[in-house]
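Asks: Following this message is one structure expressed as structure tokens.
The values are calculated or read from the model by the stated rules, or taken from the named source; none is laboratory data. Quick caveat, the model's predicted, so the values are computed rather than measured. Please note: Cβ atoms are built from the backbone with ideal geometry, for glycine as well, and neighbour counts cover all protein chains shown. Accessible surface areas use protein heavy atoms only, side chains included; no ligands, DNA or RNA. Shrake-Rupley method; radii C 1.70, N 1.55, O 1.52, S 1.80 Å.
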Amino acid sequence: MTNGDQHNRNRFLDLAMIAVFDIVGPLVAYSLLRSAGLSAVTALVLSGAFPALGVAAGLIRHRRVDTIGVLVLAGIAVGTVLGLLSGDPRLVLVEGSVPTAVFGLLCLGSLWARRPLIYRFAIEFIGADTPRGRDFESRWDYPGFRHAFRLFTVVWGITYLAEAAARVIIVETTSTATALAVSKVMPYVVSAALVAWMIAYGRHARREGERLAAEAQAAEAQAAEAQAAGKATDPDLVQAAR
């Protein structure tokens, strides 16, 4: 199996784990536990075991600490403690906003690092040890490429902070079941929208770059033609020809 095939297989497994542990598992578990007569707080706390198991499984598979996973575990722990102490399910649900807000702040803070956070995620997603990944990494030498990924990082940071605020509002203004469903689905909808925007922006920037390059080449050709025409009509050259 080639590195590319292995990377695609790993990416598929990552998506499957997200679907099972982060979305479907918690929602189904909460519904079944509530149907069994458990309180909203207890059902939320127990259904929170699925994301925690997902983080643990990812740690075992990749054999390294995942920063986002650590933030998720911290949020689950804080929400669980607050929910059990207060008996308020909203405090359990608000925990989802904690890693989201922290991630947004990390994005903005990484703008002062050598390479911004979204670039690091992109190279990890592509696979640094693949031909495509090495080609992608070499593009960092171009100013336009660096500008694009700094812009991407700013947009991701601001969007995730806005998402964290929106999730708090949803938790405070809707039912527990609705807030849980939104909190599980919203992050992936927002991420998909951001990735789609990045792809569209990249295509637009590439077309714009190609247009500017074509205009520059045309301008150079016209300058060369004008220079050649100027030499052909030079009075000294005309006199010499006579």
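Asks: What ranking of 42, 153 comes out by heavy-atom accessible area, probe 1.4 Å, highest first? Could you put the intermediate results ahead of the total?
Replies: Details: 42 55, 153 0 Å².
Solvent-accessible surface, decreasing: 42, 153.
Asks: Pairing the Cα long axis of helix 176-232 with the longest principal axis of the chain, what angle in degrees results, from 0 to 90 and rounded to the nearest 10?
Replies: Roughly 0 degrees, rounded to the nearest 10.
Asks: Count charges around residue 218 for me, please; just the other residues with Cβ under 13 Å from its Cβ, Lys/Arg as +1, Asp/Glu as -1. Walk me through the intermediate numbers first.
Replies: Details: positive: 211; negative: 210, 215, 220, 225.
Summing Lys/Arg as +1 and Asp/Glu as -1 gives -3.
Asks: Using Cα atoms only, what is the angle between the long axis of helix 25-35 and the major principal axis of the chain, expressed in degrees (0 to 90) to the nearest 10?
Replies: Result, in degrees: 30.
Asks: Continuing with the same structure: Which of the peptides 80-86, 108-114 is most tightly packed, and how do the rest follow, judged by the mean count of other Cβ atoms within 10 Å per residue? Working shown, then result.
Replies: Values: 80-86: 15.9, 108-114: 12.4.
The densest-packed peptide leads the list: 80-86, 108-114.
Asks: So, one more: What number, in percent, do you get for the relative contact order of the chain if the mean sequence gap of Cα pairs under 8 Å and at least 6 apart is divided by its residue count? If you can, show how the numbers build up before the last one.
Replies: Numbers: 180 pairs, mean separation 40.4, N = 242.
Worked out over the chain, it gives 17 percent.
Asks: Taking the Cα atoms of the range 125-186, report the difference between the largest and smallest coordinate on each principal axis, in whole Å and largest first.
Replies: Result, largest extent first: 49, 23, 9 Å.
Asks: Which FRET efficiency value, to the nearest 0.05, is calculated for residue 228 and residue 207 with the Förster distance at 25 angstrom and r the Cβ-Cβ distance? Let's see the in-between values first.
Replies: Details: r = 32 Å, r/R0 = 1.27.
The computed FRET efficiency comes out at 0.20.
Asks: I've got another one for you. Pairs of alpha-carbon atoms within less than 8 angstrom and 6+ residues apart define the contacts here; what relative contact order does the range 25-169 have, in percent?
Replies: Numbers: 139 pairs, mean separation 31.8, N = 145.
Reported relative contact order: 22 percent.
Asks: Residue separation times 0.36 nm, minus the C-alpha to C-alpha distance between residue 186 and residue 24: what's the value?
Replies: In short, 57.0 nm is gained.
Asks: Could you work out what % of the accessible surface of the range 68-191 is carbon and sulfur, using a 1.4 angstrom probe and leaving DNA, RNA and ligands out of the count? All intermediate terms of the calculation are to be shown ahead of the outcome.
Replies: Values: 4440 of 6330 Å².
Result for the range 68-191: 70 percent of the exposed heavy-atom area is carbon or sulfur.
Asks: Does the range 111-225 come out rounded, prolate or oblate by the C-alpha gyration tensor, with a ≥ b ≥ c the root eigenvalues, rounded set by a/c under 1.5 and, if not, prolate when a/b is larger than b/c and oblate if not?
Replies: On the way: a/c = 3.14, a/b = 2.25, b/c = 1.40.
Taking the square roots of the gyration eigenvalues as a ≥ b ≥ c, the range 111-225 is prolate.
Asks: Against the longest alpha carbon principal axis of the chain, how many degrees, from 0 to 90 and to the nearest 10, is the axis of helix 143-173 turned?
Replies: Once rounded, one gets 30 degrees.
Asks: [x] 60, 49, 38; [y] 54, 43, 35; [z] 109, 45, 30: which one is Cα extents along the principal axes in Å as calculated from this entry?
Replies: Computing Cα extents along the principal axes in Å and matching it to [x] 60, 49, 38; [y] 54, 43, 35; [z] 109, 45, 30 gives [z].
Asks: For residue 113 and residue 84 in one chain, what is 0.36 nm times their gap in residues minus the Cα-Cα distance, to one decimal in nm?
Replies: Numbers: separation 29, 0.36 × 29 = 10.44 nm, distance 3.91 nm.
Length gained, residue 113 through residue 84: 6.5 nm.
Asks: Let me ask something additional. Quick one: if the Förster radius is 51 Å, what FRET efficiency do residue 105 and residue 221 give, using the C-beta to C-beta distance and rounding to 0.05? Walk me through the numbers before you get to the answer.
Replies: Numbers: r = 50 Å, r/R0 = 0.98.
The calculated FRET efficiency here is 0.55.
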